[in-house]
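The values are calculated or read from the model by the stated rules, or taken from the named source; none is laboratory data. Since we're looking at a predicted model, the values are computed, not measured. Glycine also receives a Cβ, built like all others from the backbone with ideal geometry; neighbour counts cover every protein chain displayed. Ligands, DNA and RNA are excluded from the accessible area calculation, which covers all protein heavy atoms including side chains. Shrake-Rupley method; radii C 1.70, N 1.55, O 1.52, S 1.80 Å.
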Amino acid sequence: ADGLCHGHGLSHVVENCHSWTVNIGEEKYHVKKMIPHQKYESKLFGIADIAIGYLEKPIELDFYPELYDQDDEVGKLCSIAGWGFTGTFNTGTKNHDGKKRAGSNFIDKIEKEVLVCSPSKPNQKMTQLEFLICSGDSGGGLFIGNKLAGINSSVIGYDGSSNSTYGDESCHTRISLYAQWIKDIIEDEKKK
């Protein structure tokens with residue numbers, strides 16, 4: 001799904017937005033209620049960058065991924081998907097064609113509350129289709145196996161440019177920290 005925010009500017013979660021739409025193909029689904037995590041603050045990088053949206057009508061999907069709720073993500077092979085810019089680790093982000101792309105990586109570490117991936121360096125173990133998020137990929141998924149383990153959040157560019165080149169790191173909201181919150185919100189909303 002491609003989430004779009006229509007409001008007075010977008011900070012990373014859904015702050016300052018008044019209307020949300022999820023687009024799947026030509027179909028548009030309006031979000032009737034958005035619940036950001038109570039710990040989210042735009043000034044606290046990577047903390048609770050997550051929200052749950054309720055649609056006006058259901059989306060019929062073949063399956064919904066389970067939530068990854070283990071605390072063993074470091075070193076795991078993951079799949080990452082998003083709608084962002086393209087480029088290489090040498091050139092950085094170059095083009096945007098609005099197409100969804102995916103690839104793989106290894107989770108290098110956990111920093112604060114995010115999963116961190118980076119491009120492999122020469123002589124390092126790398127995946128066949130190595131991928132790092134970039135501008136436009138936010139909100140996409142990071143999966144371990146078939147379970148949602150992260151939500152694409154940001155890129156840190158240690159050279160002063162967050163363009164997804166060698167030396168940059170991608171950060172993904174760690175679902176295992178929020179799995180119970182997600183389940184609780186869903187149960188609370190069912191009762192209403």
- prompt: When only residues in segment 64-98 that are open to solvent by less than 30 Å² (accessible area, probe 1.4 Å) and part of a loop (DSSP other than H, G, I, E, B) count, which is farthest from G150 (Cα to Cα)?
  reply: G84
statement: Of the residues in segment 99-123, those that are within 16 Å of T165 (Cβ to Cβ), of a type in the set (S, T, N, Q) and in a loop (DSSP other than H, G, I, E, B) come to S118, S120
- prompt: Here are F106, F85, F63: which of them is under 30 Å from H30 (Cβ atoms) and within 16 Å of the chain's Cα centre (by Cα)?
  reply: F85
- request: Answer yes or no as to whether K147 is surrounded by fewer than 21 Cβ atoms within 10 Å (Cβ to Cβ), among the charged types (D, E, K, R), closer than 22 Å to H37 by Cα and touching a Phe, Trp or Tyr at 6+ places or on another chain (Cβ under 6 Å).
  value: yes
- request: Output the number of residues of segment 112-121 satisfying the condition of being more than 15 Å from the chain's Cα centre (by Cα) and within 13 Å of G150 (Cα to Cα).
  value: 0
query: What pairs can you find where one residue is in segment 43-66 and within 16 Å of G139 (Cα to Cα), the other is among the acidic types (D, E), and their Cβ atoms are less than 6 Å apart, with a gap of 6+ or different chains?
result: G46/E113; I47/E113
- line: Counting only residues that are open to solvent by less than 10 Å² (accessible area, probe 1.4 Å) and within 24 Å of H37 (Cα to Cα), segment 154-168 contains a total of 0
query: When both residues are 6+ apart or on different chains and their Cβ atoms are under 8 Å apart, which pairs have a first residue that lies in segment 112-130 and is on the phi < 0 side of the Ramachandran plot and surrounded by 14 or more Cβ atoms within 10 Å (Cβ to Cβ), and a second that is in a loop (DSSP other than H, G, I, E, B) and at pLDDT below 85?
result: E113/G46; E113/I47; V114/G46
- request: Tell me, yes or no, whether segment 169-187 has at least one residue that is more than 24 Å from L55 (Cβ to Cβ), out of contact with any helix residue (DSSP H, G or I) (no Cβ under 6 Å at 6 or more places or on another chain) and open to solvent by less than 10 Å² (accessible area, probe 1.4 Å).
  value: yes
field: Selected residue (criterion: farthest from E56 (Cα to Cα)) from residues of segment 21-34 that are open to solvent by less than 40 Å² (accessible area, probe 1.4 Å) and modelled with pLDDT under 90
entry: N23
- line: A careful count of residues in segment 118-177 that are more than 21 Å from T86 (Cβ to Cβ), in contact with a strand residue (DSSP E or B) (Cβ under 7 Å, 6 or more places away or on another chain) and hydrophobic (A, V, I, L, M, F, W, C) gives 4
